[in-house]
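Presented below is the structure to which this report refers.
The values are calculated or read from the model by the stated rules, or taken from the named source; none is laboratory data. Not measured: the values here are computed from a predicted model. Cβ placement follows ideal geometry from the backbone for every residue including glycine, while neighbour counts extend to all protein chains displayed. Note: areas computed on protein heavy atoms with side chains; ligands, DNA, RNA excluded. Shrake-Rupley method; radii C 1.70, N 1.55, O 1.52, S 1.80 Å.
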Amino acid sequence: MAPKSVCIVGSGNWGSAIAKIIGYNVQRQPDAFEKKVKMYMYEEIVDGRKLTEIVNTDHENVKYLPGIKLPENVVAIPDVIEACTGADMLVFVLPHQFVKKVCEQMKGHIKPGAVAISMIKGFAITGGGIQLISHIIAQELGTECAVLMGANLAKEVAEEEFCETTIGSKTDSTGQLFKDLVETPYFRVAVVKDADTVEMCGALKNVVAIGAGIVDGIKQGDNTKAAVIRLGLMEMIKFGEEFFPGSRRNTFFESCGIADLVATCHGGRNRMLGAAVVESDKTIQELEKEILKGQSFQGPLVAREVCSMLEEKGLCDKFPMFVAVNKICQRVMDPKLFISCLRNHPAHL
Ligand SMILES: NC(=O)C1=CN([C@@H]2O[C@H](COP(=O)(O)OP(=O)(O)OC[C@H]3O[C@@H](n4cnc5c(N)ncnc54)[C@H](O)[C@@H]3O)[C@@H](O)[C@H]2O)C=CC1
Ligand SMILES: O=C(CO)COP(=O)(O)O
């Protein structure tokens, strides 16, 4: 079979870290993958130069993953149609609010038989309710779409610190193909079939991580944060029962579940946001600009998406942590009340 060509759709903090892995891995497997990896990059000017030009000449994404060299076979392309045309494998790694628009542009330009994977941690709300991003990609582009989620803080992955991740794929062949594309000695991949639960975990942990940050902001210690992680996991499992029936309990014990909760509740951007919301009166948008300098917090958006579904279904009282995080992000609840709303959590009854 001819080597497969790969296109990465997205080039932020995680997008660039995964581009580093993919760029090296395709070189190690020339029979399986084409050497050139095209990476769609949303164009912007950094220090008077186009970011695509910086990446293609200096081989570093100075804005979103500074200090990390990217392999020279990763080529940044500002036009998503040019980037995806002819690709056999599409790796989606954009902040979730941009997915629909980017897919609309790509529609009609996808190679027949191409397969996709989503590394995006979020949901979409459509007329049909809460939707998984991989389902939107599959519907829009007519491709199969697997998912990859795990305890994978981008900077640590880019610095080649050991971690695990989970690929969820309904078919074994697609799961294995993407495992071959991304696995390294420091990035170990487990493939499971329960893809919807894998993806749901990745989205919901963003909300719990804000809760962990709120705990830091109100100066509570590790016991309290552990309680937030545990209650968050309970709400994630419950959310699966309500919205994605058929979830396998074991999936929550993969890297995408408990491990990602632990990692992001200690080290993630959403955790930072939770602490900052307590410590300042600024809006989420102001904090995002100030703290992340162009990167994106996914948690507040996910909390809003989740709570709009909970309200619609009359389920808010079963998910007090998700609801409290959303209210605190919306600035309609005093963060000091966060603990009291966990005190009477249904998990204690
Ligand atoms: N950063 C991390 O440690 C990890 C992130 N993720 C997930 O990966 C996904 C992508 O996150 P990151 O790569 O970290 O992105 P990021 O947070 O660095 O986001 C910035 C990216 O959005 C792009 N962008 C801005 N406006 C745009 C527009 N209008 N259209 C298209 N793109 C636009 C920017 O060019 C940049 O590439 C998210 O769902 C995130 O939750 C998953 C694992 C780890
Ligand atoms: O998903 C992540 C690590 O697995 C990154 O989380 P943050 O977006 O909160 O930094």
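Can you give me the accessible area per residue for segment 204-348, using a 1.4 Å probe, in Å²?
45 Å²
Among 80-92, 11-23, how do they line up from the highest to the lowest mean number of other beta-carbon atoms within 10 Å?
Top to bottom by mean Cβ count within 10 Å: 11-23, 80-92.
For segment 4-193, with every protein chain kept in place, what is the accessible area per residue (1.4 Å probe, Å²)?
Using a 1.4 Å probe on heavy atoms only, each residue of segment 4-193 averages 41 Å².
Per residue of segment 117-131, what does 6.51 cos²θ - 1.76 cosθ + 1.60 with θ = phi - 60° give for ³J(HN,Hα)? Whole Hz please, x for Gly and Pro, Karplus curve as stated.
Whole-Hz 3J(HN,Hα) from phi for segment 117-131: 9, 10, 10, 8, 9, x, 10, 10, 9, 10, x, x, x, 7, 10.
Hey, got the dipole for segment 65-165? About the Cα centre, +1 on K and R Cβ, -1 on D and E Cβ, debye to the nearest 20?
My answer is approximately 400 debye.
F244 versus E159, label points 7 Å from Cα toward the beta carbon: distance in nm?
So the two model labels end up 3.0 nm from each other.
To the nearest 10 square angstrom, how much accessible area does K101 have with a 1.4 angstrom probe?
150 Å²
Using the charge dipole of the chain (Lys, Arg: +1 at Cβ; Asp, Glu: -1 at Cβ; taken about the Cα centre), state which of T165, P66, N25 has its Cα farthest towards the positive end.
Of the options given, the answer is T165.
Charges only on Cβ, +1 for Lys and Arg, -1 for Asp and Glu: so what's the dipole of the chain about the Cα centre, in debye to the nearest 20?
440 debye
Can you work out the Karplus-derived ³J(HN,Hα) for every residue in segment 195-209? Use 6.51 cos²θ - 1.76 cosθ + 1.60 with θ = phi - 60°, whole Hz, and x for glycine or proline.
Calculated HN-Hα couplings, in order: 4, 5, 5, 4, 5, 4, 4, x, 6, 6, 5, 4, 6, 4, 4 Hz.
With every protein chain left in place and a probe of 1.4 Å, what is the accessible surface of E43, to the nearest 10 Å²?
Accessible area, nearest 10 Å²: 60 Å².
Would you please put 72-78, 110-116, 199-205 in order of how densely packed they are, using the mean number of other Cβ atoms within 10 angstrom per residue and starting with the highest?
199-205, 72-78, 110-116
Roll a 1.4 Å probe over the protein heavy atoms and report the accessible area of R28 in Å², nearest 10.
150 Å²
Return the carbon/sulfur percentage of the accessible area of the chain, one whole number, probe 1.4 Å, all protein chains in place.
Percent of accessible area from carbon and sulfur atoms in the chain: 52.
Pull up all non-local amide H partners of V191: gap of 5 or more, or a different chain, and H-to-H distance under 5 Å with H placed in the peptide plane.
Residues meeting the criterion, in which the H sits 1.01 Å from N, are I167.
Using only DSSP helix segments of four residues or longer, with each worth -39500 (n - 2.57), what per-residue ellipticity at 222 nm results for the chain after dividing by its residue count and rounding to 500?
-13500 deg cm²/dmol
Mind listing the phi-derived Karplus ³J(HN,Hα) values for segment 236-242, rounded to whole Hz, using 6.51, -1.76 and 1.60 with θ = phi - 60°, and x for any glycine or proline?
Listing the rounded values in order: 5, 5, 4, 4, x, 4, 6 Hz.
Under a point-charge model restricted to the Cβ atoms of Lys and Arg (+1) and Asp and Glu (-1), what is the dipole moment magnitude of segment 204-348 relative to its Cα centre, in debye to the nearest 20?
That gives segment 204-348 a dipole magnitude of about 200 debye.
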